[in-house]
Every structure is written in C-alpha cells, then in structure tokens.
1. Could you run the Karplus curve 6.51 cos²θ - 1.76 cosθ + 1.60 with θ = phi - 60° over region 152-159 and give me ³J(HN,Hα) per residue in whole Hz, x for Gly and Pro?
2. Whole-Hz Karplus ³J(HN,Hα) for region 126-133, in order, using 6.51 cos²θ - 1.76 cosθ + 1.60 and θ = phi - 60°, x for Gly and Pro?
3. If you average the C-alpha positions of region 99-143 and of region 36-63 separately, how far apart do those two centres end up, in angstrom?
4. Report, largest value first, the span of the C-alpha coordinates of region 3-177 along each principal axis, in whole Å.
5. What are the ³J(HN,Hα) values, in whole Hz, obtained from phi via the Karplus relation 6.51 cos²θ - 1.76 cosθ + 1.60 with θ = phi - 60°, for each residue of region 254-265 in sequence order, with x given for Gly and Pro?
6. Under 5 Å between amide hydrogens, which residues at least 5 positions from LYS124 or on another chain qualify, with H placed 1.01 Å from N in the peptide plane?
7. Of the options PHE251, LEU230, SER220, report the single residue whose Cα projects farthest towards the positive end of the charge dipole of region 212-291 (beta-carbon charges: Lys, Arg +1; Asp, Glu -1).
Amino acid sequence: MNENTLLKNIGEFNTALKDRSIDLLGNILNAPITLDMKETKNSSFAEIQNIIGAEAISVEIPVDDNPQGMVYLANAELMPELAQYLRREGEGTAQVPQSMQLILDAADQLSALKKQIIKEKYKKDANFGNPSIVLWQGKSEEIFENGVATYFSGSIGGDKIFNVVRIIHTKVANHLMGGTHGTEKMTVQKSDFEQFSSADVGIANAHSIEFFNDLELEISIELGRTTMVLNDILKLSNGSVVELDKFASEFVDVYVNNKKFAEGQVVVVDQNFAVRITNLISSDEKLASVVS
C-alpha cells in the first residue's frame with residue numbers, strides 16, 4: 001500500500017476512534033473529555049520531543065507478534081504522581097497510584113474499540129496484547145523510526161490539558177489498515193466447475209465424520225433467561241440486579257453453535273469460571289447440533 005493511501009486509511013480510523021472514545025474515556029475518568037486530532041504523518045523523533053517534552057508516560061501495546069506495535073506517549077505533567085512512581089519504581093518505595101489502573105482500564109477498553117473498528121472497516125482481526133506502562137526519557141530512548149504518528153490534544157474536566165502522540169509501527173499499520181476498504185469495488189465472475197462422478201469423491205467414505213474433527217466451534221454457557229419491558233431495561237444502572245428464570249442449584253445449559261449440547265454445573269478452576277458436564281443430550285441430537 002502506498003504512503004498516501006495508508007495515511008488516509010489511518011486518518012479515517014482515527015476519526016472513528018475519536019468519535020467513539022470520548023464517552024468511554026469520560027466514564028473511566030469520571031470527568032468530561034475533549035479530544036482533538038491534529039494530524040497524522042510519518043513519525044519524527046524531534047517533533048515528538050518538541051510536543052511531548054523530554055519525559056513522558058509511555059503505554060506500549062503489543063499487536064499480534066509485534067511487541068512494540070503501538071505506543072502512546074503523554075506528557076508527564078498530565079499525571080505527575082504516576083510519573084513520580086515510575087521514576088522510583090525500582091526502589092520499591094512508592095505506592096502504586098490509582099492513575100495507573102485508570103490508564104490500564106482505558107488501554108484495554110480502547111483496544112477492544114480499535115479491534116471493532118478495524119474489523120468493520122478493513123475486515124481484519126487485530127490481536128492486542130496486555131499494555132505496559134513505563135516512563136519514557138526522550139533524551140536517551142528513541143521511538144522506532146519506521147512508524148506513523150498521530151498527534152492528539154485534549155482536556156480532562158475542562159482544565160487538565162494534555163498532549164498525546166500515538167505511534168504505530170509501519171508494518172503493523174499496513175497489516176491492520178491495508179485490507180479491504182468499504183469503498184473498494186469487488187469484481188464478481190461466474191465460475192465453471194468440473195463435474196465429478198460419485199466414484200471420484202469416494203462415496204464409500206461419505207458417512208465418515210472424521211474430517212470434521214479439526215473444525216473450530218463456538219461454545220457458550222447460558223445461566224438463564226428473563227423477559228423485561230423496555231421501561232425496566234432503561235432503569236438499569238450500575239449495581240442493578242437482573243433475576244433469571246433458574247434457581248442457583250439448577251444446571252446451566254451448554255450450547256455449541258447456538259444449539260443445546262449438554263448440561264452442567266458452574267465451578268471455579270484456578271480463579272476462572274468453568275463448567276463440569278453432568279448430562280449430554282442424545283447422540284442424534286448432539287450430531288444435529290454440531291453439523292447444522
């Protein structure tokens with residue numbers, strides 16, 4: 001993909017991200033957010049230093065197999081207590097500030113939002129890893145040169161002004177935003193297929209299902225259901241309790257590709273929820289659930 005097209009695609013991605021992230025960030029930080037997108041261009045170490053300063057809070061997010069696929073730099077004055085903690089982290093003398101958890105929460109939710117936008121616009125599946133937070137020293141730690149930078153500015157609560165630079169490695173940007181675009185036209189042609197006899201396809205093995213063994217299927221667990229009127233749904237808020245149609249002692253339903261496959265009990269394994277299968281449906285029903 002040529003440079004102009006890539007920058008255009010990133011600009012469209014940024015616009016969608018900006019429009020959808022303002023409310024999300026406002027809820028996390030519990031304050032009104034303003035966010036302005038300045039420009040997107042090839043990253044320049046000197047320009048990043050000029051806008052962010054010699055010291056910044058850096059949030060590094062791996063993308064697929066690229067450990068430094070996406071990096072956010074914010075001026076250290078935005079969260080001075082976090083910057084101070086990162087300076088002393090090796091000494092183990094400072095208590096972890098709440099602002100670090102806020103940044104991690106924001107990074108996780110923004111990653112989910114970015115994944116959704118990339119899927120919608122470019123038909124790509126993006127895998128974002130766990131973010132890491134460090135203190136970036138511009139005098140001694142250069143950002144990778146082969147990257148595309150977007151410059152943002154904004155405010156928190158109307159008075160806390162901040163600048164943020166996001167750098168995406170060019171390889172990652174091409175991978176995420178170089179696919180099918182909604183405006184591209186598809187060429188559809190009629191295909192001619194060669195006719196085969198039943199002997200050619202091995203009719204003797206037609207009833208074998210072994211070749212299905214490597215198929216990936218979606219498994220979901222249903223705790224229960226309920227019916228509510230719209231007025232009651234609109235009243236739901238943090239802390240609301242929705243009562244389901246099952247007792248706590250009843251089995252939960254296990255579905256494969258949205259078809260009931262088994263029943264089981266909810267258990268905890270290594271701090272993760274799990275389900276112990278207690279009852280399988282009949283073989284005929286099971287096969288119908290898998291292949292239909």
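The numbers here are math on the coordinates, done by the rules we state, and not lab data. Computed from a predicted structure; not experimentally measured. Using ideal geometry, Cβ is built from the backbone for each residue, glycine included, and neighbour counts are taken over all protein chains shown.
1. With the stated coefficients, region 152-159 comes to 10, 9, x, 8, 10, x, x, 10 Hz.
2. 9, 10, 9, x, 5, x, 10, 10
3. About 14 Å separates the Cα centre of region 99-143 from the one of region 36-63.
4. So the three principal-axis extents are 46, 35, 28 Å.
5. Along region 254-265, the couplings run 9, 10, 10, 6, 6, 10, 4, 10, 6, 10, x, 10 Hz.
6. Close amide H contacts, sequence-distant or interchain: LYS119.
7. The Cα lying farthest towards the positive end belongs to LEU230.
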